[in-house]
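The values are calculated or read from the model by the stated rules, or taken from the named source; none is laboratory data. All of these numbers come straight from a predicted model, not from anything done at the bench. Note: ideal-geometry Cβ built from the backbone for every residue, glycine included; neighbour counts use all protein chains shown. Note: accessible area is taken over every heavy atom of the protein model, side chains too, but ligands, DNA and RNA are not part of it. Shrake-Rupley method; radii C 1.70, N 1.55, O 1.52, S 1.80 Å.
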Amino acid sequence: RLGPGLESSDMITSGYKASAVLAKSFLGGAVIDRSGVWIGIIQSSDAGVTSVLPVSAIRQALSGVLREQVISRPALGAHYIDLARGSGISESLRKRRTNGAYLFGTTGDPAVLPRSAAAAAGLRSGDVIIKVNGQLLTETLGLSDALQSFAARQSIEITYVRDGTEKTVTVVLDEVTS
């Protein structure tokens with residue numbers, strides 16, 4: 001369990017929230033948008049928050065099951081505060097940014113996990129990841145959401161800000177299996 005406001009790059013999150021009434025009645029059910037496109041499956045978390053597991057994450061997991069009979073997903077190995085989605089974040093922590101993933105850790109939950117893809121790429125606490133493969137992180141696209149569209153062991157570019165300077169690094173994503 002991560003501290004309040006802290007997210008993991010290796011957990012599937014969703015930009016969609018669902019009502020508790022829907023979750024109780026339709027947990028595991030498909031969510032279709034107004035144009036008839038499947039966008040995800042209703043799920044609930046340990047904290048009782050109801051959300052929608054995005055179809056992109058489902059497709060990625062299913063391809064691993066079909067190929068290797070194992071659920072596999074990409075992992076960066078970082079903990080962060082989502083600057084676009086978080087509330088009550090101090091201006092000093094934001095560093096004048098309204099979007100991005102501020103790499104941040106607590107006792108027991110380091111910002112960058114040892115021997116992770118993030119560590120190998122040289123990312124560290126205080127860095128703010130602002131893009132994944134050129135795609136800007138926003139209120140509707142967080143870091144963990146962006147990572148789920150890639151495969152484990154795939155090389156991607158991470159653009160981040162450190163001490164006011166924007167930098168880009170190539171990262172080979174780790175693999176989490178279950």
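Here is how the numbers come out for the structure above:
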{"item": "From Ser155, Ser116, Ser149, residue being over 12 Å from the mean Cα position of the chain (by Cα) and surrounded by fewer than 20 Cβ atoms within 10 Å (Cβ to Cβ)", "result": "Ser155"}
{"item": "Strands (runs of 3 or more DSSP E) wholly inside region 74-178 containing at least 1 residues that are of a type in the set (Asp, Glu) and in contact with a helix residue (DSSP H, G or I) (Cβ under 6 Å, 6 or more places away or on another chain)", "result": "174-177"}
{"item": "Meets criteria (within 15 Å of Ala152 (Cβ to Cβ), open to solvent by less than 40 Å² (accessible area, probe 1.4 Å) and at pLDDT below 70) for Gly64", "result": "yes"}
{"item": "Pairs, first closer than 13 Å to Leu123 by Cβ and at pLDDT 90 or above in region 138-161, second buried (at least 23 other Cβ atoms within 10 Å of the Cβ) and among the aromatic types (Phe, Trp, Tyr), C-beta under 9 Å, six or more apart", "result": "Leu143/Tyr80"}
{"item": "Leu22, sole failed condition from (1) modelled with pLDDT of 65 or more; (2) outside any loop (DSSP other than H, G, I, E, B)", "result": "(1)"}
{"item": "Pair list, Cβ under 6 Å, 6 or more apart: region 100-119 residue acidic (Asp, Glu), other residue open to solvent by 10 Å² or more (accessible area, probe 1.4 Å) and in a strand (DSSP E or B)", "result": "Asp109/His79"}
